[in-house]
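Notes follow the structure.
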Amino acid sequence: MTIAVRKMLVATSKYGIKAPYPMTAEYITVHNTLNDATAENEVKYMIGNNNEVSFHYAIDDREVILGVPENRNAWHCGDSSKGDGNRKSIGVEICYSKSGGPRYEKAEALAIRFIAQMLHERKWGIDRVRTHKSWTEIGVRRGLSRYVKNCPHRILDANRWDDFLGAVKKELDALNKPAETVVKPVYKPAATSGTHTVVAGDTLWSLSVQYKTTVANLKEWNGLTSDSLSVGQVLSVTGAVYTVVSGDTLYSLAKKFDMTVDELKKANGLPSNELSIGQKLSVKGKVAHEPMQAAPKPAPAPKPSPAPKPVAKKKLFLPATADTWRVYPTNKAPVAGNEKGMLAPKKFGGLTYEILKSRGNHIYEIQTSSFGRVQIFAGPGTGAIIK
């Protein structure tokens, strides 16, 4: 789905201050705003003042806003009027980076998808994406910049630039697939299957917009206790998904769910009346988290007991006193040299994660927005708290 852009363009009378040169872009430059304003407020402030500071796009957790036309330069890279950053790159500001947290994570996820979209539209590769810092490093060497700017600070401080580029590349590769593979998606849209398979960049908010529902509904339909999603996770997006069992027919299911056979076929894109055991169908009524029984019974059969989840319901708290905390891939031993990255509890005033699995010896699996599902050591003496 193409990401829409809202325009709040700087007045042409201010081009002399904000965008004095025509530009044919060759790069995309990533920034963090270093404050907690929305995209709309970022752009309003930029186009409303008379400072020689400007950028093209601001992205928050909800939308993308264009403030300076792409065919004009902007002052966002600190490498003067002679530097390629200011003269040849499109500036993208990711909002909410001062405090971070869920809003920032959603803004970064949307920025990843939008940057991939821009690369795809221009037939560019991932090599066209740069950091603000990289332009100032070049600028200092050439005498065009006064100092090296640590931007985008939240990505660089967590040593996540390679992960950020990897996420953009994954989105770009998906967009660049030949048409014949694109029309065979992993999941069907809400109108045909009632389910959605989570891909990189998806959030509950973006899915609620895509499927014209609410975050609260999505969480209720899928038994979610937090806003966290995992790539590959299958979600109900219509409120009811039924799994076909032996003996089911379209006629019997239509009667059971107060629908017609034609409604069932249309809702699920069925070309015939044939059904397969295990097939998932979108139906009316309350969501069915478990397959319904083929034969009616006086009282609903007790659902099979799910796997014990005493650990999954526990929370892991990383204290704000810890500057960093190592995390490790789930397929490698959690020892020095195998780190996947570093969390930064101090920068966020502490971090909280749901424990997905206990591996023993105080090793736990958690889901992070930056590194995906990882292992973490949280034993006595580390300051970590488990409740």
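The values are calculated or read from the model by the stated rules, or taken from the named source; none is laboratory data. Please read all numbers here as calculations on a predicted model, not as lab measurements. No Cβ is skipped: glycine too gets one built from the backbone with ideal geometry, and neighbour counts run over all protein chains shown.
Structure above, values below:
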item: Top-ranked residue in the stretch 343-361 [being touching a helix residue (DSSP H, G or I) at 6+ places or on another chain (Cβ under 9 Å) and in contact (Cβ under 8 Å) with a residue 40 or more places away in the chain; ranked as surrounded by the fewest Cβ atoms within 10 Å (Cβ to Cβ)]; result: 347
item: Residue in the stretch 255-278 that is more than 26 Å from residue 370 (Cα to Cα), of a type in the set (A, V, I, L, M) and loosely packed, with under 14 Cβ neighbours inside 10 Å present; result: yes
item: Checklist (1) more than 11 Å from residue 376 (Cα to Cα); (2) assigned to a strand (DSSP E or B) applied to residue 332, failing item; result: (2)
item: The listed residue being surrounded by 23 or more Cβ atoms within 10 Å (Cβ to Cβ), of a type in the set (A, V, I, L, M, F, W, C) and not in a helix (DSSP H, G or I), out of 74, 111; result: 74
item: Flag for residue 130 being within 23 Å of the chain's Cα centre (by Cα), closer than 22 Å to residue 370 by Cα and not in a helix (DSSP H, G or I); result: yes
item: Any chance residue 237 is at pLDDT 80 or above and surrounded by 15 or more Cβ atoms within 10 Å (Cβ to Cβ); result: no
item: Among (1) out of contact with any Ser or Thr (no Cβ under 9 Å at 6 or more places or on another chain); (2) surrounded by fewer than 16 Cβ atoms within 10 Å (Cβ to Cβ); (3) not hydroxyl-bearing (Ser, Thr, Tyr), the one test that residue 69 misses; result: (2)
item: Among the candidates 37, 25, residue that is outside the structural domain of residue 204 (by TED's automatic domain parsing) and touching a Cys at 6+ places or on another chain (Cβ under 8 Å); result: 37
item: Top-ranked residue of the stretch 362-387 - restricted to ones that are free of Cβ contacts under 8 Å to residues at least 40 places away in the same chain and assigned to a strand (DSSP E or B), ranked as surrounded by the fewest Cβ atoms within 10 Å (Cβ to Cβ); result: 363
item: Residue 45 vs. criteria part of a loop (DSSP other than H, G, I, E, B) and over 29 Å from residue 123 (Cα atoms); result: no
item: Among (1) farther than 27 Å from residue 3 by Cα; (2) basic (Lys, Arg); (3) part of a helix (DSSP H, G or I) - the single one residue 149 does not satisfy; result: (3)
